[in-house]
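The values are calculated or read from the model by the stated rules, or taken from the named source; none is laboratory data. No experiment lies behind these values; they were computed from the predicted model shown. Note that each Cβ is placed from the backbone with ideal geometry, even for glycine, and that neighbours are counted across all protein chains shown. Please note that ligands, DNA and RNA were not included when accessible areas were found on the heavy atoms of the full protein model with its side chains. Shrake-Rupley method; radii C 1.70, N 1.55, O 1.52, S 1.80 Å.
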Amino acid sequence: MTASAEPAPSSSYRHYVHAPEDPLWEIPASGAARFNWEYGDGRERLLALYQKGKDKQWDGAKRIDWELEVDPYNPLGTPDESLTLYGSRHWPKLTERNKGELRRHYCSWQFSQFLHGEQGAMVCAARIVESVPDLDAKFYSATQTMDEARHAEIYARFLHEKIGLLYPINDNLQGLLGDTLRDSRWDMPYLGMQVLIEGLALAAFGMIRDTTNRPLPKQILAYVMQDEARHVAFGRMALRDYYRQLGDAELREREEFVIEGCYLMRDRLRGVEVLENFGIPKREAAELSERSEYLRLFRKLLFSRIVPCVKDIGLWGERLQKAYVDMGVLDLGDASLDQLMSQDEEIADRLDGERFAAQERDRVQEVRDAIAEGAADGAADGGAEGAADRAEDGRGAD
């Protein structure tokens, strides 16, 4: 039971399990590009977030330690119990090599969706720069566009260099992203991307960050999440202010969009493609995913960032609440987003502190070793000179 991919001509395509049919996905632009000639006005909180966005820019090639090795057949330290096939009729047939391939493919599938989602976030942030009417929001979205470009760069590098395998974008994630970008209303890229898609991604990032014992993926996820904490704060500010102005009918339209998107992500983003690639029929793969205790917990945790954000921005009508009751996630609406985001910031800062402390210890040790080596060389040179002097004295006496 193995999975294989036929190399395609280009550098990325040769890593794909199944190469995308078309290298470009085009979505016709809709909505207006808006200019604002008021340069002196702006919301203090949003301008402060813009300043923080500028201050917190970083280089993924330098901040992340790419020298760290990754075992592509166990890149996250995944326990057997987390694999969907564990306990199924297929599990006893798997060799250790098969299990390693399965871990590699699941990691590739997850991080590939992160990669495609980050490119989507970059495009949506650029769309917000174009369409949002307020200049302070344009300023911040410009910094977010750079953040998302950096995230896509980092995930692409991890997949190419450390895993050597990519999966195409999940059809349902692509559908939700397409719906978000096709809508002409300027607030929909915020709602579709920053609340739904990025909210789901943040929860997935956090679950892996907090469970992996592998330093490189932990670094990547922690540093990306530190940026995303600002992005979610931005979306909450902008949408909360705007949705206070909308009537009931307009709010219901947006709630319907949220309900449909949440069901889509809960039911369709389960990695069924991985099992299909290992020869499991699609229907059986879906059933195995539905029965997996690990995936059941994972699906609930996926909404830990979305539900409180939706409630916070004012989309909390009766139909939406009923949908969350049906999904078993209504109680998540009382979670503190601010606390979660503060934790994301602290974890990234702590990782930086640990790395800098280790680097400082290494530098101190290098200095000590150099001093000791110099002292040893000096002693050796002194001993040699003394022996030469004694020999010269002996010859003089003769």
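With axes computed from alpha carbons, what is the tilt in degrees of helix 337-397 against the longest principal axis of the chain, rounded to the nearest 10 within 0 to 90?
10
If a/c stays under 1.5 just call it rounded; otherwise compare a/b with b/c (prolate if a/b is bigger, oblate if not). Do that for segment 258-382, with a ≥ b ≥ c from the square roots of the Cα gyration tensor eigenvalues.
oblate
As an exercise, use a Förster radius of 51 Å and the Cβ-Cβ distance of Q245 and Y294 to find the FRET efficiency, rounded to the nearest 0.05.
Plugging the Cβ-Cβ distance into 1/(1 + (r/R0)^6) gives 0.75.
I'd like the distance between the alpha-carbon centres of segment 78-149 and segment 263-325, rounded to an integer number of Å.
15
Ranked highest first by the average count of other Cβ atoms within 10 Å around their residues, in what order do 279-289, 189-199, 298-308, 159-169 fall?
189-199, 298-308, 159-169, 279-289
Given a cut-off of under 8 Å on Cα pairs at least six residues apart, what relative contact order in percent is computed for the chain?
Contact order relative to length: 20 percent.
Probe of 1.4 angstrom, ligands and nucleic acids ignored: what's the accessible area per residue over segment 95-254, in square angstrom?
30
Quick check on packing: order 362-373, 88-99, 175-186 by the mean number of other C-beta atoms within 10 Å, highest mean leading.
Descending packing order for the listed peptides: 175-186, 88-99, 362-373.
Cut-off under 17 Å on the C-alpha distance; same-chain residues fewer than 8 positions from K282 excluded. Which aspartates and glutamates are left, in chain and number order?
Cα-Cα hits under 17 Å: D171, D267, E273, E290.
Structure shown: which of K62/K162; K56/K311; K52/K300 lie over 21 Å apart, alpha-carbon to alpha-carbon?
Cα-Cα > 21 Å for K56/K311; K52/K300; rest within.
From a point 7 Å beyond the Cα of R182 in the direction of its Cβ, which residues of segment 26-53 have a backbone N at a distance under 20 Å?
Only 26-33 pass the distance filter.
May I ask you to give the percent of accessible area on the chain that is carbon plus sulfur, with a probe radius of 1.4 Å?
51
From the Cα gyration tensor of segment 1-148, with a ≥ b ≥ c the square roots of its eigenvalues, which class applies: rounded if a/c is under 1.5, or else prolate if a/b is larger than b/c, or else oblate?
prolate
Please determine, in degrees from 0 to 90 and to the nearest 10, the orientation of helix 215-243 with respect to the longest principal axis defined by the Cα atoms of the chain, where the helix direction is its Cα long axis.
30
When the chain is modelled as a GNM with alpha-carbon springs shorter than 10 Å, which of L315, L24, L135 fluctuates the most?
L24
Quick one: helix 171-182 against the long Cα principal axis of the chain, what's the angle to the nearest 10°, folded into 0 to 90?
70
According to the square roots a ≥ b ≥ c of the eigenvalues of the Cα gyration tensor, what is the shape class of segment 189-312, taking rounded for a/c under 1.5, prolate for a/b larger than b/c otherwise, and oblate for the remainder?
oblate
How large is the helix-only mean residue ellipticity at 222 nm for the chain, computed as the sum of -39500 (n - 2.57) over DSSP H runs with n ≥ 4, divided by its residue count, in deg cm²/dmol to the nearest 500?
-21500 deg cm²/dmol
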